[in-house]
1. I'd like the full set of residues that are in a helix (DSSP H, G or I), touching a helix residue (DSSP H, G or I) at 6+ places or on another chain (Cβ under 6 Å) and either under 14 Å from Thr105 (Cα atoms) or at pLDDT 95 or above (or both), limited to region 146-160.
2. Considering only region 6-25, how many residues are modelled with pLDDT under 60 and either open to solvent by less than 50 Å² (accessible area, probe 1.4 Å) or of a type in the set (Asp, Glu) (or both)?
3. Considering only residues that are within 26 Å of Glu229 (Cβ to Cβ) and touching a residue at least 40 places away in the same chain (Cβ under 8 Å), which ones fall in region 305-344?
4. Would you confirm, using the coordinates I've provided, whether Arg28 is charged (D, E, K, R) and either open to solvent by 50 Å² or more (accessible area, probe 1.4 Å) or closer than 30 Å to Arg173 by Cβ (or both)?
5. Show the residue pairs meeting these rules: Cβ distance below 9 Å; 6+ apart or different chains; first residue within region 105-129 and over 12 Å from Val139 (Cα atoms); second residue part of a loop (DSSP other than H, G, I, E, B) and of a type in the set (Lys, Arg).
6. Mind listing whichever residues of region 35-58 are over 15 Å from Met228 (Cα atoms) and open to solvent by 50 Å² or more (accessible area, probe 1.4 Å)?
7. Sort out which residues of region 118-162 are over 23 Å from the mean Cα position of the chain (by Cα), surrounded by fewer than 14 Cβ atoms within 10 Å (Cβ to Cβ) and within 30 Å of Lys77 (Cβ to Cβ), and write them in order of number.
Amino acid sequence: MDKVSHSITKQKIDPHSQKTAEARFGKRDDGSLDDNDRPYIGPTKLAFQEWKNAGVKPPDLEEMREYRLDRVRRQLKEMDIPALLITDPINIRYALDAPSLQVWTLHNMARAAFIPAEGPVVLFDYPKTEFLTKHLKLVDEVRVMTGFFFFAAGKTYDARAKKFAQEIDQLLRERCGKDRRLAIDKMEICGVFALQELGVEIKHGQMVMEIARLVKDQNEVQAMHCGMEACEQGIKLMRETMRPGVSENDMWSVLQAENIRRGGEWIEARTMASGPRTNPWFHECGERLIQEGDIVAFDTDLVGPYGYCIDISRTWICGEVKPNAEQRKLYRVAYDHIQENISILKPGLSFQDLT
């Protein structure tokens, strides 16, 4: 009896070349492919139209990607570190603009990127997802990630960690010669031990990434403006939802939905509260029904289009009522605090001096 295959191997996404695709579909305002079937995430046509209406210019994606990878490599050279290994999805997003399974990979080390100060970049990706990064000019090679987190590896985690460490060790020898130093942002402890057993000296990779991100170019500023405009649209619709009897969860779900509609990605917290739950701060939204006259307050903590975090705070009063004396007092304190800080701000002032 012939062996029957139960897998479907024909690729449904059109595997045309980037050049052919550009001629076929054209480009969006950020330079990305205007293809309805493209495999990678990004802002939606709704977002682009709102940005156009608001006079917000999208970034040039290719330029922004090249700038950010260059920032990482410059920082490696300034710190005299020959190579970097990153597993944090936020760092992978910044360095390579290669998002995939972002929230899941925050707690499952299923992806990694090897970035030398000079030379080809290797992305270790989740199995069967290589097609998601074919459009990226920054990624020179894609390999299947040897996952050694317990959920995937079980009791074989040590053996799998050693296998991955050997791959990284080989890359170090090929790209960096005898230099055994490697910056790492985050890693399962068995992976750290496996690399150290091979003689790899581990450096502080998270510091490399944080310092690299300090300086934004014009494209990044434009991307943040896009994210803020998308977030403001969600906030506007949240306010339209607010009325006595609506739950905190109902209001918060509007922000989440509107973020996704515009090509946003996820929200880091659910910091929203009403009435007596606003003090002490840091309650997350729940089933409480908002009452007329309640203060409703929130921080967006929203990761929007292009992956930038937009943290906007708002405080409203529910219903067609005048604020009471205590609410007016709180507003005056907050207003004076903000105005004082604005008056202090000036070019050349450090955050330490400001505080």
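1. Scanning region 146-160 gives a single hit, Phe150.
2. Total satisfying the criteria: 3.
3. The answer is Pro305, Tyr306, Gly307, Tyr308, Cys309, Ile310, Ile312, Arg314, Trp316, Cys318.
4. Values: charged (D, E, K, R): yes; either open to solvent by 50 Å² or more (accessible area, probe 1.4 Å) or closer than 30 Å to Arg173 by Cβ (or both): no.
No.
5. Listed pairs, sorted by first residue: Thr105/Arg111; Met109/Lys186; Tyr126/Arg111; Thr129/Arg111.
6. Those that are over 15 Å from Met228 (Cα atoms) and open to solvent by 50 Å² or more (accessible area, probe 1.4 Å): Asn36, Asp37, Ile41, Lys45.
7. Correct list: Glu118, Pro120.
Condition check ((1) within 28 Å of the chain's Cα centre (by Cα); (2) β-branched (Val, Ile, Thr); (3) over 30 Å from Lys45 (Cβ atoms)) across all residues:
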residue	(1), (2), (3)
Tyr308	yes, no, no
Asp336	no, no, yes
Pro347	no, no, yes
Ser350	yes, no, yes
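The values are calculated or read from the model by the stated rules, or taken from the named source; none is laboratory data. Computed from a predicted structure; not experimentally measured. Glycine also receives a Cβ, built like all others from the backbone with ideal geometry; neighbour counts cover every protein chain displayed. To get the accessible areas, we keep the full protein, side chains included, count just its heavy atoms, and leave off ligands, DNA and RNA. Shrake-Rupley method; radii C 1.70, N 1.55, O 1.52, S 1.80 Å.
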